[in-house]
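Have a look at the structure below, then the notes.
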Amino acid sequence: MMLTRIRDWIHSRSRSMKRAVLLVVDVIGLMLIIWLAFCYRFERIFIPNREQMMFIAAGPIIAIPIFIRMGLYRAVLRYLRERAIWTIIQAVTISALIWVSMAFLTLSYGSEGIPRTIAVLYWAGGIIAVAGSRFGAKWLLGLGVPKAKDKKRVLIYGASDAAAQLTEALHSTGDCRVMAFVSDDEGLHNMDILGIRVHSSARLEELITTIGIQEVIIATSSASPRERRDLVASIGRFPVKIRVLPPIADLATGKYIVSYVRDIDIDDLLGRPPVPADPALLKTPVEGRVIMVTGAAGSIGSALCRTIAQAKPAKMVLLEFNELGLYQMERELRSYGCFPVIPVLGSITDQHLVRRTLAAHKVETVYHCAAYKHVSLVEENQIEGVRNNVLGTLTLVEEAYAGGVENFILISSDKAVRPKSVMGATKRWAELIVRHYGHEAAKAGKKRVFACVRFGNVIGSSGSVVPLFKEQIAAGGPVTLTHEDMTRYFMSVREAAELIVQAGALSQSGDILLLDMGEPVKIRDLAEDMIMLAGLTVRNKENPDGDIEIVTIGMRPVEKLNEELFYDPNGVNTTRHPKILRAKAQTNRAGEVPGMLEQLKQAIDRADEAAVRRMLFSLLEEKGGKPTLMLPVEANENLRHSA
């Protein structure tokens, strides 16, 4: 009880008061050590004379300035580390040498002085007194902190400097205890870091089960994203919480502090490193310009709006037919800065609305995200899907071209490559239309860009499988797959938005820009990872008592087992950005597009679904191994009039 009151009293004092108390303790302690040294030397209660009293007082007078200079009063005792003992030894040694030199110097002038053995006793006793006062105070301040047996047992995967700093940070919080390190570096096995043993990764399962590990923190920066995904999957079999330390580059730039660890999320399991953004490419196409985003309330459009808003545009125009989504997006963007945010409620198929909006706000750049992209829904509503995705894009591009828009970026999809679904085919037609107008602008010598950005699935977007899996897991399963071996390319929403903006700075008129998305991810692996992230286990033959079952229901006719990003992987060129590629232009049956657009419109007007589908895919059939990649410039006038 007394110790608790003392601890509470110390806690309630100001920082300057605590330093003053520590200084007084050092003064009294050093003088007491010298006096006790005299008592030990003379084997009696020593009563010093005037000169000896001056020697005793000189000890702290010499030592305190040295202690101050060496930072002994700057340390926060609650977080004092054992290595501080070395600083204490240095400070006491320097002060003792100066004190002894002064004492022996006085002997040469005839003073009585002090016995020589006192110097050694003072040096040893001074170290014990100064270190003891500080570590004693640390112990006292630590009263009430959870005991080791009550602390969360943590294992750190990795044995780098960041892992060591993390260990110290966790220990200082008082509620965690690092039990072991695990490393793939054989040279570190059976070594100790901060008194904690480093083990081989082969012993991971044994350590988790025998030591009673409750949490694993991944703090290795050397592991590739694929290796990290496999590591998380292997740890996920055990009832432990998994967290990750951010990359050391983020720590160095101040984005995080070393003690910051976060929960693993699905973005960590993409199997590839995120594509880094180039700040200049993010800023150049947006800052000080009037930007219009179609489909602004959608998953891609809203993320794009946030990215653009951070780059300080002159004005943002949001075109969206979802009233509630548009209202929410407008409110959110107003918090980003003082630029005007103009909400426009309507559809890209409304030619008069599009023309009026572009002219009224003098739009300079259009990011076209608006599209129906749910494969199954578009398949069941083919006419509306074609009307919106193909004719809506044609209307928007045509009005942007006629209205003097300088930059037009279409957001496309990997489903546009050799499409099997109506949705994929409509995105391919949209690419062809935009690319044609880009070549027309280039031919006319106009400094205007009409280009496309093509990438794979976006984690968490409305067209992604991730929201479906989340719903199925929340309902207790089963999680449904269409094929055991199905793969898809994935990227994060933030990464997709940044890519789109950077493409605006990199693109040339008529371009289709592609993202190098690394290796595709198996959908089954994604499902298992999401179940693990939910803190559950997969129910299968090996684990019949698991929580969630994964069921294969069979592929739909319009689905592809593996998506592609390129028609011809060899037909791409690099750009300034190491992960953004440019597709080479190819021609094949492009001359048929103007006439087929007219036929497509007539079939839609007749509601002839069979004719719409036939025309939609007939243009995209490959002949001689080369698919259509662009429209010929000569077709421009026919195309514009046929629309």
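The values are calculated or read from the model by the stated rules, or taken from the named source; none is laboratory data. Values in this document were obtained by computation on a predicted structure and should not be read as measured data. Positions of Cβ are generated from backbone atoms using ideal geometry, with glycine treated the same way; all protein chains shown enter the neighbour counts.
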Sole residue being in a helix (DSSP H, G or I), surrounded by fewer than 20 Cβ atoms within 10 Å (Cβ to Cβ) and at pLDDT 80 or above, chosen from R203, R226, R197: R203
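This table checks each residue for (1) at pLDDT below 65; (2) part of a strand (DSSP E or B); (3) on the phi < 0 side of the Ramachandran plot; (4) not assigned by TED's automatic domain parsing to the domain that holds G59.
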site: L105; (1), (2), (3), (4): no, no, yes, no
site: I114; (1), (2), (3), (4): yes, no, yes, no
site: Y122; (1), (2), (3), (4): no, no, yes, no
site: I127; (1), (2), (3), (4): no, no, yes, no
site: S133; (1), (2), (3), (4): no, no, yes, no
site: A159; (1), (2), (3), (4): no, no, yes, yes
site: A162; (1), (2), (3), (4): no, no, yes, yes
Does V493 satisfy the condition of being closer than 20 Å to A371 by Cα, β-branched (V, I, T) and under 21 Å from the mean Cα position of the chain (by Cα)? yes
Cβ-Cβ below 7 Å, separation at least six or inter-chain, first residue in the range 535-564 and without any contact (Cβ under 8 Å) to a residue 12 or more places away in the chain, second among the hydroxyl-bearing types (S, T, Y): which pairs? N543/T537; G546/T537
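Going by the structure shown, is A309 crowded, with 23+ Cβ neighbours inside 10 Å, assigned by TED's automatic domain parsing to the domain that holds E598 and not β-branched (V, I, T)? I'd like the intermediate steps shown before the answer.
On the way: crowded, with 23+ Cβ neighbours inside 10 Å: no; assigned by TED's automatic domain parsing to the domain that holds E598: yes; not β-branched (V, I, T): yes.
For A309, the condition - crowded, with 23+ Cβ neighbours inside 10 Å, assigned by TED's automatic domain parsing to the domain that holds E598 and not β-branched (V, I, T) - is not met.
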Would you say R454 is out of contact with any strand residue (DSSP E or B) (no Cβ under 9 Å at 6 or more places or on another chain) and charged (D, E, K, R)? no
State which residue is farthest from L394 (Cα to Cα) when the search covers only the range 312-348 and only residues that are crowded, with 19+ Cβ neighbours inside 10 Å and of a type in the set (V, I, T). V341
Residues of the range 179-194 satisfying the condition of being farther than 17 Å from S234 by Cα and not in a loop (DSSP other than H, G, I, E, B): M179, A180, E186, G187, L188, D192, I193
Show the residue pairs meeting these rules: Cβ distance below 6 Å; 6+ apart or different chains; first residue within the range 40-58 and in the same structural domain as V92 (by TED's automatic domain parsing); second residue part of a loop (DSSP other than H, G, I, E, B) and not acidic (D, E). R41/P115; E51/S111; F55/I114
Having 3 or more residues that are within 16 Å of G510 (Cβ to Cβ) is the bar; report the helices (runs of 4 or more DSSP H) wholly within the range 368-468 that clear it. 392-402, 422-443
Selection count, the range 206-222, where residues are among the β-branched types (V, I, T) and assigned to a loop (DSSP other than H, G, I, E, B): 2
Hits in the range 474-520 (condition: surrounded by fewer than 20 Cβ atoms within 10 Å (Cβ to Cβ), in contact with a helix residue (DSSP H, G or I) (Cβ under 9 Å, 6 or more places away or on another chain) and under 30 Å from K443 (Cα atoms)): A505, Q508
Restricting attention to the range 453-481, report how many residues are modelled with pLDDT under 85 and in contact with a Lys or Arg (Cβ under 7 Å, 6 or more places away or on another chain). 3
Please work out if G510 is touching a His at 6+ places or on another chain (Cβ under 6 Å), touching a residue at least 24 places away in the same chain (Cβ under 8 Å) and farther than 22 Å from F238 by Cβ. yes
